[in-house]
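**Student:** Below is a structure I'd like to ask you about.
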Amino acid sequence: MSRLFIGSLGVRTAKSLMGDVVNGYNFCVMVQSSAASSSSSASEAKTDQRLIWINGQLVPRSEAKVSVFDHGFLYGDGVFEGIRIYNGRIFKLRSHLVRLMESAERIHLDPKLSIDEIEDLTRKTVAANHLQDGYIRLILSRGEGTLGLNPFSCPEPGVICIADSIRLYPEEMYRDGMKVIVASRPRIPVECLDPSVKSLNYLNNILAKCEALSQGLYEAIMLNTKGEVAEGTGDNIFIVKDGVISTPAPDSGFLLGITRKFVIDTVAPACGQTVLEQTLRLEDLYSADEIFLTGTAAEVIGASKIGDRVIGNGKVGPMTQQFTKTFREMVANDASED
């Protein structure tokens with residue numbers, strides 16, 4: 001078996017990298033050779049048993065294909081949602097579906113299905129895959145059309161639902177804190193692209209993510225063009241200073257996360273706290289006692305270092321620990337589907 005390592009030194013073949021650790025965590029990409037083990041083959045077979053909803057049908061993963069003329073593939077012309085399943089319940093399903101439909105409307109995409117019909121196909125996909133805990137990716141694509149940009153050359157939209165497992169960050173990061181950087185590229189200005197649209201075109205975030213990965217890290221903080229804190233590449237940001245919890249105001253230009261709202265409206269009050277939405281700048285992050293990030297896949301995770309700057313005492317702070325614990329208890333016991 002060969003191994004590739006992605007970090008500040010680029011990409012290397014890695015016989016000599018056995019046991020390499022980046023910033024305290026194993027950080028590597030495993031690439032199997034043709035001599036794959038029988039257990040690996042069994043795992044692949046199990047993965048292919050996953051059923052994908054694609055344009056009205058549940059099909060095995062190996063048969064789930066879209067046209068090369070689909071504008072979602074050609075131009076990133078479409079919208080999506082990522083949703084978590086906890087103990088058989090689909091967390092904040094309705095909220096995600098509302099945002100999905102609003103995103104579609106903003107880009108003039110008619111899914112030709114009602115919100116209730118999309119909920120139904122989502123539940124059918126989860127049930128077909130016998131998932132009690134996992135992750136859903138719902139996609140509305142513009143559909144198959146011509147090679148030109150004209151979105152109205154696509155008569156039928158693509159509707160895809162994937163239900164599978166996900167693990168975004170190692171568990172030790174939740175214990176010890178995540179190290180992040182500040183991306184050199186800013187968030188796309190609101191005047192250019194409405195951040196409330198969860199678009200298939202994630203290139204702005206991906207390039208910022210590449211900056212983090214090139215330094216052996218998982219996440220980067222993105223600023224807007226005014227130098228204000230916006231969001232992470234896939235997470236919203238909160239800070240704690242002198243017992244006050246703050247998060248960037250919506251006019252800073254970022255996607256209003258479903259988990260962010262749940263933390264503000266439900267988790268914080270359960271912990272006896274309130275959250276202040278206000279403009280934040282980098283100096284606010286550097287001087288914070290604690291920083292934590294929220295997202296569907298990430299849940300609630302503390303950040304212990306930004307670049308070379310240690311946040312607080314360099315450990316996950318008590319407020320972050322309390323929020324993480326409370327969030328996990330809430331979703332494990334009775335995840336809200338509203």
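The values are calculated or read from the model by the stated rules, or taken from the named source; none is laboratory data. Every value quoted in this text rests on a predicted model; they were computed, and no experiment measured them. With ideal geometry, Cβ positions are generated from the backbone for all residues, glycine too; neighbour counts draw on all protein chains shown.
**Student:** Within the stretch 152-161, can one find any residue that is closer than 24 Å to VAL310 by Cβ and touching a Ser or Thr at 6+ places or on another chain (Cβ under 8 Å)?
**Tutor:** Taking the stretch 152-161 first, the residues closer than 24 Å to VAL310 by Cβ are none.
There is no residue in the stretch 152-161 that is closer than 24 Å to VAL310 by Cβ and touching a Ser or Thr at 6+ places or on another chain (Cβ under 8 Å).
**Student:** Right, next: Since LEU282 meets every condition but one in (1) closer than 28 Å to THR225 by Cβ; (2) under 19 Å from the mean Cα position of the chain (by Cα), which condition does it not meet?
**Tutor:** The single condition LEU282 does not satisfy is (2).
**Student:** Let me ask another. Before we move on, is LEU207 in the same structural domain as GLY295 (by TED's automatic domain parsing) and either farther than 23 Å from SER103 by Cβ or part of a strand (DSSP E or B) (or both)?
**Tutor:** no
**Student:** Quick check on this structure: which one of ILE237, ILE245, ILE264, ILE258 is closer than 19 Å to PRO186 by Cα, of a type outside the set (Asp, Glu) and at pLDDT 95 or above?
**Tutor:** When all the criteria are applied, what remains is ILE237.
**Student:** Go through the stretch 158-184 residue by residue and tally those that are at pLDDT below 95, in a loop (DSSP other than H, G, I, E, B) and surrounded by fewer than 16 Cβ atoms within 10 Å (Cβ to Cβ).
**Tutor:** Within the stretch 158-184, residues that are at pLDDT below 95, in a loop (DSSP other than H, G, I, E, B) and surrounded by fewer than 16 Cβ atoms within 10 Å (Cβ to Cβ) number 4.
**Student:** Next up: Tell me which residues, restricted to the stretch 293-317, are assigned to a strand (DSSP E or B), touching a strand residue (DSSP E or B) at 6+ places or on another chain (Cβ under 6 Å), farther than 15 Å from ARG328 by Cα and of a type outside the set (Gly, Ala, Ser). So that I can check it myself, show each step before the final result.
**Tutor:** Let us first name the residues in the stretch 293-317 that are assigned to a strand (DSSP E or B), namely 293-295, 299-306, 309-310.
Checking which are touching a strand residue (DSSP E or B) at 6+ places or on another chain (Cβ under 6 Å) leaves us with 293-294, 300-303, 305-306.
Applying the additional criterion that residues be farther than 15 Å from ARG328 by Cα yields 303, 305-306.
The answer is LYS305, ILE306.
**Student:** Taking into account only those residues within the stretch 102-157 that are among the acidic types (Asp, Glu), touching a residue at least 12 places away in the same chain (Cβ under 8 Å) and in a helix (DSSP H, G or I), which is farthest from LEU193 (Cα to Cα)? Don't jump to the end; show me each part of the working.
**Tutor:** Filtering the stretch 102-157 down to residues among the acidic types (Asp, Glu) leaves 102, 105, 110, 116-117, 119-120, 133, 144, 156.
If we keep only those that are touching a residue at least 12 places away in the same chain (Cβ under 8 Å) too, we end up with 102, 110, 119, 133, 144, 156.
After this cut, where a residue has to be in a helix (DSSP H, G or I) as well, the list is 102, 119.
On the way: GLU102: 15, GLU119: 27 Å.
Across the stretch 102-157, the extreme among qualifying residues is GLU119.
**Student:** Is there a residue in the stretch 199-214 that is touching a residue at least 40 places away in the same chain (Cβ under 8 Å) and among the charged types (D, E, K, R)? Quick ask: steps written out before the conclusion?
**Tutor:** Initial filter on the stretch 199-214 (touching a residue at least 40 places away in the same chain (Cβ under 8 Å)): 199-203, 213-214.
Then drop every residue that is not among the charged types (D, E, K, R), which leaves none.
Scanning the stretch 199-214 turns up no residue that is touching a residue at least 40 places away in the same chain (Cβ under 8 Å) and among the charged types (D, E, K, R).
**Student:** List, please: which pairs have Cβ atoms under 6 Å, are six or more places apart or on different chains, and start with a residue in the stretch 62-74 that is assigned by TED's automatic domain parsing to the domain that holds VAL159 and end with one that is surrounded by fewer than 14 Cβ atoms within 10 Å (Cβ to Cβ)?
**Tutor:** Close Cβ pairs satisfying both conditions: SER62/ASP48.
**Student:** I'd like the full set of residues that are buried (at least 24 other Cβ atoms within 10 Å of the Cβ) and within 19 Å of PHE327 (Cβ to Cβ), limited to the stretch 219-238.
**Tutor:** Listed by number, the residues that qualify are GLU219, GLU231, GLY232, ASP235, ASN236, ILE237, PHE238.
**Student:** Check off (1) of a type in the set (Gly, Ala, Ser); (2) over 19 Å from the mean Cα position of the chain (by Cα); (3) farther than 22 Å from GLY232 by Cα for SER184 and give me the number that stays unchecked.
**Tutor:** The one condition SER184 does not meet is (3).
**Student:** Which residues, taken from the stretch 155-197, are out of contact with any Leu (no Cβ under 9 Å at 6 or more places or on another chain), over 22 Å from TYR218 (Cβ atoms) and of a type in the set (A, V, I, L, M, F, W, C)?
**Tutor:** Once the filter is applied, which keeps residues that are out of contact with any Leu (no Cβ under 9 Å at 6 or more places or on another chain), over 22 Å from TYR218 (Cβ atoms) and of a type in the set (A, V, I, L, M, F, W, C), the stretch 155-197 yields VAL190, CYS192, LEU193.
**Student:** Right, here's the next one. Could you identify the single residue in GLY216, GLY314 that is modelled with pLDDT of 95 or more, over 22 Å from ARG187 (Cα atoms) and surrounded by fewer than 23 Cβ atoms within 10 Å (Cβ to Cβ)?
**Tutor:** On the way: GLY216 fails: over 22 Å from ARG187 (Cα atoms).
Of GLY216, GLY314, the one residue that is modelled with pLDDT of 95 or more, over 22 Å from ARG187 (Cα atoms) and surrounded by fewer than 23 Cβ atoms within 10 Å (Cβ to Cβ) is GLY314.
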